[in-house]
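Down below is the structure, laid out as structure tokens.
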Amino acid sequence: MARMQRLLANLLGGWFQLRRRFPPALLDDMAAAIAAGERAHLGEVCFAVESRLAPLAVLDGIDASKRAHQVFAQLRVWNTEHNSGVLFYVLMAERRIEIVADRGIASRVQPDEWNAISRRMLDCYARGQWREGSLDGIAATHALLLRHFPDDGTDRRDELPDRPVLL
């Protein structure tokens, strides 16, 4: 997407869309799905949604990928015991989903697997199925983490908040 198109998309994207598409009941369901899935593996899942980027950020060349990495650091997704944090970053204005995995997971899960999850989520979102897309993406990520980071039976704490973050 060209910079001027991105700028317009981000100027026209509004906070009202964020609350309408991710109402409190959906956030509750997503938090419950994240918490339930994390009990079966050593991974940590974090979900962040942003309605739009600031105009100056777009002009400075910040795109969804760069912003996702900023949010990954800001929310400390990188700071898990097993380096097994995964961030879903949704940028509504640009219709982008970035999945950022910490080094422990990135070394085991291929980018194509994350891209497939993102595409399925985007397809659902394009049809207005925000709930289905979000919960399906979370479930697919739990399946990958279960395969690569199964629970080893040790008692461990929940390292990241389960409730999605609205930026």
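The values are calculated or read from the model by the stated rules, or taken from the named source; none is laboratory data. Everything numeric here is computed off the predicted structure, so don't read it as measured data. Virtual Cβ from ideal backbone geometry, glycine too; neighbours counted across all protein chains shown.
A compact table of results
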read-out: Segment 44-73, residues that are of a type in the set (G, A, S) and either surrounded by fewer than 21 Cβ atoms within 10 Å (Cβ to Cβ) or under 19 Å from G104 (Cα atoms) (or both); value: S51, A54, A57, G61, A64, S65, A68, A73
read-out: Filter result for E94 (touching a residue at least 24 places away in the same chain (Cβ under 8 Å) and within 18 Å of the chain's Cα centre (by Cα)); value: yes
read-out: Tally, over segment 80-108, of residues that are in a loop (DSSP other than H, G, I, E, B), acidic (D, E) and within 18 Å of A48 (Cα to Cα); value: 1
read-out: Scope segment 39-72; condition under 15 Å from A139 (Cβ atoms) and either among the polar types (S, T, N, Q) or at pLDDT 95 or above (or both); matching residues; value: V45, F47
read-out: Options A25, A57, A48, A35: the member that is over 16 Å from the mean Cα position of the chain (by Cα) and closer than 18 Å to L135 by Cβ; value: A25
read-out: R20 being closer than 16 Å to A139 by Cα and over 16 Å from the mean Cα position of the chain (by Cα); value: no
read-out: Selection within segment 109-167 - part of a loop (DSSP other than H, G, I, E, B), in contact with a helix residue (DSSP H, G or I) (Cβ under 8 Å, 6 or more places away or on another chain), surrounded by 15 or more Cβ atoms within 10 Å (Cβ to Cβ) and at pLDDT below 95; value: V109, F149, L167
